[in-house]
């Protein structure tokens with residue numbers, strides 16, 4: 001899963017402007033849900049970058065609409081990306097990547113390590129144990145998340161956490177012409193932010 005697959009390639013069209021209105025509505029719910037933690041916003045085409053303060057790990061959250069052309073519709077798939085910085089509780093590791101592997105039975109979904117450049121296999125296994133905490137997995141299921149990728153590079157000094165969810169996504173339907181949004185409620189936005197906090201805790205606090 002690439003960060004920002006094609007949101008930046010959107011043309012300034014009538015449909016894009018309709019999708020922008022849905023992105024504005026989506027962003028507003030996140031801002032209201034964050035309350036006093038909300039600290040600013042940067043706008044771009046089909047992208048909103050939100051800044052926060054007062055959370056333990058969630059300092060930033062980018063909302064992206066990656067579009068996908070269908071026969072009579074265009075899907076605007078919501079991708080949420082946050083860069084979670086490391087701190088003094090972090091033990092240096094090498095490049096790595098974790099993905100959520102989905103199964104036919106959702107209760108069997110598990111994080112797997114798809115890339116691990118380090119030699120400490122024990123540290124890798126400890127990461128998997130923390131990420132596969134049932135509280136994290138239950139929250140992922142609850143939010144209809146269908147894609148999770150976590151990557152780290154030593155030069156970054158942060159983990160890149162990318163989620164994709166049906167909640168918050170939009171669809172432009174040609175016949176009849178209408179833009180639909182799977183609108184999240186404030187409770188769901190709070191749960192998204194809590195999930196980033198849970199993942200951040202599992203990733204940054206890696207000292208045994």
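The values are calculated or read from the model by the stated rules, or taken from the named source; none is laboratory data. As the structure is a prediction and not an experimental result, all values here were calculated from the model. Positions of Cβ are backbone-derived with ideal geometry, glycine not excepted, and every protein chain shown enters the neighbour counts.
Among the residues of region 167-195, count how many are in contact (Cβ under 8 Å) with a residue 60 or more places away in the chain and assigned to a strand (DSSP E or B).
Going through region 167-195 one residue at a time, the tally reaches 9.
Just give me the residues in region 68-99 being assigned to a loop (DSSP other than H, G, I, E, B) and surrounded by fewer than 20 Cβ atoms within 10 Å (Cβ to Cβ), in sequence order. Write out each step before concluding.
First pass over region 68-99, keeping only residues assigned to a loop (DSSP other than H, G, I, E, B): 70-72, 86-95.
Within region 68-99, 70, 71, 72, 87, 88, 89, 90, 91, 92, 93, 94, 95 meet the criteria.
Does region 195-205 include one or more residues that are buried (at least 18 other Cβ atoms within 10 Å of the Cβ), modelled with pLDDT of 95 or more and closer than 18 Å to residue 26 by Cα?
Yes.
Suppose we filter region 107-116 for residues that are under 19 Å from the mean Cα position of the chain (by Cα) and under 15 Å from residue 139 (Cβ atoms); how many remain?
The initial filter retains those residues of region 107-116 that are under 19 Å from the mean Cα position of the chain (by Cα), namely 109-114.
Narrowing the set further to residues that are under 15 Å from residue 139 (Cβ atoms) leaves 109-111.
The number of residues fulfilling the criteria is 3.
Looking at region 146-159, is at least one residue under 25 Å from residue 190 (Cβ atoms), at pLDDT 95 or above and out of contact with any helix residue (DSSP H, G or I) (no Cβ under 8 Å at 6 or more places or on another chain)? Break it down stepwise before answering.
As a first pass, look at region 146-159 and keep what is under 25 Å from residue 190 (Cβ atoms): 146-150, 158-159.
Cutting the leftovers down to at pLDDT 95 or above gives us 148-150, 158-159.
Right, trim to out of contact with any helix residue (DSSP H, G or I) (no Cβ under 8 Å at 6 or more places or on another chain) and you get 149, 158.
The answer is yes, given that some residue of region 146-159 is under 25 Å from residue 190 (Cβ atoms), at pLDDT 95 or above and out of contact with any helix residue (DSSP H, G or I) (no Cβ under 8 Å at 6 or more places or on another chain).
Looking at 57, 65, which one is within 18 Å of the chain's Cα centre (by Cα), under 18 Å from residue 179 (Cα atoms) and either in contact (Cβ under 8 Å) with a residue 12 or more places away in the chain or in a loop (DSSP other than H, G, I, E, B) (or both)? Outline the logic, then answer.
Details: 57 fails: under 18 Å from residue 179 (Cα atoms).
That would be 65, the only listed residue that is within 18 Å of the chain's Cα centre (by Cα), under 18 Å from residue 179 (Cα atoms) and either in contact (Cβ under 8 Å) with a residue 12 or more places away in the chain or in a loop (DSSP other than H, G, I, E, B) (or both).
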